[in-house]
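This report concerns only the one structure given below.
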C-alpha cells in the first residue's frame, strides 16, 4: 500500500488482488490508507472501503463509541466527521 502511487508493480499486485477478490464476490478493506492519492487509486481499482490514518488515528473503544454517537466535540481529538463524510462520498 505504501508504494501504491510510486511503484507500478505494487499497483499491479494490488489491482490483481482486488480483481481476484471481486471475482469471488468478496468485499475488500484496504488497510493502511494514509494519503488521499492512495484512496483515489484504490477507488479507481474498485475498492470502496479503507481504514488508516487518512480517516482517523487509533483510539480507545470508549472514545470510538463516543465519537460515533456524536458525543465528541466537532474538531476535537477524535472528531470523525471528516472520515464519515469521505466514506459516504
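Quick notes
- Every condition in (1) surrounded by 16 or more Cβ atoms within 10 Å (Cβ to Cβ); (2) at pLDDT 85 or above; (3) in contact with a strand residue (DSSP E or B) (Cβ under 7 Å, 6 or more places away or on another chain) is met by residue 15 except one, and the failing one is (3).
- Every residue from segment 14-65 that is part of a strand (DSSP E or B) and closer than 20 Å to residue 3 by Cβ: 29, 30, 31, 50, 51
The values are calculated or read from the model by the stated rules, or taken from the named source; none is laboratory data. All of these numbers come straight from a predicted model, not from anything done at the bench. Because the Cβ atoms are built from the backbone with ideal geometry, glycine has one as well, and the counts that use them run over all protein chains shown.
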